[in-house]
Every structure is written in structure tokens, then in C-alpha cells.
Amino acid sequence: MYDLVIIGAGPAGLTTSIYASCFKLKHLVVAETIGGQLLLAPDILNYPGFTNIAGKELADKMLTQAKMRGGEFLADRVVAITKNSDQTGFLVKDMSANVYETRAVVLASGTERRKLQVPGEMEYTGKGVHYCATCEKQDFDDKICAVVGGANSAVGAAVELAQAAQKVYILYRGSELRGDPVWLEQITNHPKITVLYNTVIIEITGDGERLTSIKLLTNGANSSELKVDKLFIEIGGVPGTALVTQLGVKMDPGGYIQVNERLESSVPGIFAAGDLVTHEYSIEQISTAVGLGARAGASVFAYLKKIKAPSVWGSSQIPR
């Protein structure tokens, strides 16, 4: 019997593990890969404490700390979560058919960034193709950038990149951007930003080492090629919530898990942290995920105290 099973090992899941260890909770972290969306970020410039750090390096540091604290890790995929026989906890099943009993679960599997699914995309991911402008923004003086998308994330990314880039293109398949007025006002007549409507990318090309250009199709007929140095795909993500739908966990209209300020879902004992929680609490940034992971660890401890779980009843106060 575990006190806690954490599903996912991105920044939210790893931080939850660190705090669970601080609270002396017996816990298991189950994830196919360590790092989550961090692995898509070759250079992170906005994480406190580091002027710049590669996403994989930051993930490795978090993992080392979590293991040193006492976290137990399993490289596998969770395929089912069900209530246990006496309805006091949960059974977590992995792909290898192993079943782990736990009093609480923290879902921290994050979101998977939507892909364009075009030739060259995977080849040049991290080599000019990125999925988070805020994470990757560097000195783009004299650089040409393109942003794919038409909602707030894409429009906001274009405005942010235009602070340093020579030129920024917004490529949108629709005929009218869907961003909030505050963002749309900032790109109107912006000298560095050009919006290409009814335009999709059909291929991403490069020299084998770096992205050099993208091939476009406009109005379904006109093809062209655009030279770019960086391409940011800002078309949203898909939350990994399929595991808990059978438990009756409530979702918001976007498919994200609804939680309260303690990160409790609508099902007692099921918590969520990181990118898959409703956006009232998450803005899909590493620092936000870390904060939510810390809160999740503290909330699970409080929950286990409330139900008088034997392993934590009488434990010390929140560590400082």
C-alpha cells in the first residue's frame, strides 16, 4: 500500500515527489519518460536560479533531487485507475499488468503539444522547431521567426518574439485571428509582424542540422517557400485525462481537470497538478508546474491526515 502514486514525471510530478518525501509519504512515480515537455526545450531562459539551462539538464537535476529525497520511480505507462475493493483508495495498473494500491493519486501527466504532422517536423524539433516561445525566446536580433496558430498563445508569442526578432510571421489557417483584443491591438500595424491568413505549412526543411525554411500552402492552392530561422508551433495541447474519466472526475469545457485551490478533483483522493489542470491554476510554464507540484504534495499530506491514514497520522507539520 502506497500513500501516493504520482502519474507523470515532468516538473509538476517531480516536485510533487520531492514534497511527498519531505512529508515522509511512501510514494511511487510512474512515467514513461522523465521530464515531460521539458525535453522539448533545448534552452530555458526564464526558470528562476538559472540564466539559461537545457530542459533535459533541468529534468535530470529534478530527478536526482527527487531520488535523493527517497522517491521511488517506475518507467512504465499507467493504463487504468480504479477504486479498490473497500472504496478507501485506488488501484493503479501499468502496461506490464502490475497493480499498485494507493490511498491517493496525483495526476501530473501534463499535456501533449499538438503537432502539425508534416514532413520535417520531428526531424527539426529542437533544431529550430519549438513548441513554446516563452520558454525558447533568446536574442533574435536579425532573425526571422514564424508562429503557427491564431489564438492567444500564438498572438502573444508573436508580440513577445517581435521585441528582438527582425521579422515575425503569424501563419494561420483561418481568415481571422481569435486572440483577445488586448493581444490583437498589439499586432495591428506592428512594423515587425505580418499575418498570413488561410495559410498552412506543408513541409519543414533544413540542412540536416538546423531549420532553414518552411513550405506553405495558401488558400488551398498557392504554394510558396518562406525562409525562417525559428518556427514556433503554438496550436495548443491535449490534456492527458483519459485515465480518470471512468472515475467521474469533472473536466472543464477544454478537457482539463477541474480542481479547487488545494488541487483536489471532484473525486476524493484524486489530485491534479501541472498543465492538465484547468487554466484557472495553470499557465503552462515550468515555474507554475513546480508551484502546483509543491501544493499537491502538501494537499495530499493534509488529505491523508484528514482520513487518518496510519502512515501519516501524528506526523510533523509542513516542512519549511
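Overview of results
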{"item": "Flag for Thr205 being within 30 Å of Gly149 (Cβ to Cβ), of a type in the set (Ser, Thr, Tyr) and at pLDDT below 90", "result": "no"}
{"item": "Residues of region 228-250 classified as surrounded by fewer than 19 Cβ atoms within 10 Å (Cβ to Cβ) and without any contact (Cβ under 8 Å) to a residue 24 or more places away in the chain, total", "result": "4"}
{"item": "Selection within region 162-202 - touching a Ser or Thr at 6+ places or on another chain (Cβ under 9 Å) and not aliphatic (A, V, I, L, M)", "result": "Lys167, Tyr169, Tyr172, Arg173, Gly179, Tyr197, Asn198, Thr199"}
{"item": "Residue count, region 78-130 (criterion: assigned to a strand (DSSP E or B) and of a type in the set (S, T, N, Q))", "result": "4"}
{"item": "Residue satisfying condition, being of a type in the set (Val, Ile, Thr), closer than 30 Å to Val244 by Cα and modelled with pLDDT of 90 or more, within set Val118, Val105, Val148", "result": "Val105"}
{"item": "Elements of type strands (runs of 3 or more DSSP E) contained in region 158-237, each with 2 or more residues being over 15 Å from Val129 (Cβ atoms)", "result": "167-171, 193-196, 199-206, 211-218, 222-227"}
{"item": "The one condition in (1) buried (at least 16 other Cβ atoms within 10 Å of the Cβ); (2) within 21 Å of Ala54 (Cβ to Cβ) that Glu209 fails to fulfil", "result": "(1)"}
{"item": "Residues (at pLDDT below 90 and either assigned to a strand (DSSP E or B) or within 15 Å of Tyr47 (Cα to Cα) (or both)) located in region 278-293", "result": "Ile283, Glu284, Gln285, Ile286"}
{"item": "Test for Glu225: is it in contact with a Gly (Cβ under 9 Å, 6 or more places away or on another chain), assigned by TED's automatic domain parsing to the domain that holds Ile144, among the acidic types (Asp, Glu) and farther than 30 Å from Arg77 by Cβ", "result": "no"}
{"item": "Hits in region 1-37 (condition: part of a loop (DSSP other than H, G, I, E, B) and not polar (S, T, N, Q))", "result": "Met1, Gly8, Ala9, Gly10, Phe23, Lys24, Leu25, Lys26, Glu32, Ile34, Gly35"}
{"item": "Cβ pairs under 7 Å, 6+ apart, first in region 35-60 and over 21 Å from Ala108 (Cα atoms), second surrounded by 14 or more Cβ atoms within 10 Å (Cβ to Cβ) and aromatic (Phe, Trp, Tyr)", "result": "Ile53/Tyr47"}
{"item": "Of residues in region 10-31 being of a type outside the set (Gly, Ala, Ser) and out of contact with any strand residue (DSSP E or B) (no Cβ under 7 Å at 6 or more places or on another chain), the one nearest to Asp76 (Cα to Cα)", "result": "Leu14"}
{"item": "Residue match in region 48-56 (condition: part of a loop (DSSP other than H, G, I, E, B), surrounded by fewer than 17 Cβ atoms within 10 Å (Cβ to Cβ) and of a type in the set (Val, Ile, Thr))", "result": "yes"}
{"item": "In region 52-101, the residues that are more than 21 Å from the chain's Cα centre (by Cα) and within 22 Å of Thr288 (Cα to Cα)", "result": "Lys67, Arg69, Gly71"}
{"item": "Checklist (1) over 22 Å from the mean Cα position of the chain (by Cα); (2) closer than 25 Å to Phe50 by Cβ; (3) not polar (S, T, N, Q) applied to Gly120, failing item", "result": "(2)"}
{"item": "Of the criteria (1) surrounded by fewer than 19 Cβ atoms within 10 Å (Cβ to Cβ); (2) assigned by TED's automatic domain parsing to the domain that holds Ala20, which one Ile257 fails", "result": "(1)"}
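The values are calculated or read from the model by the stated rules, or taken from the named source; none is laboratory data. Keep in mind that what you see is a predicted model, and the values were worked out from it rather than measured. Cβ atoms come from the backbone with ideal geometry, glycine included; neighbour counts cover every protein chain shown.
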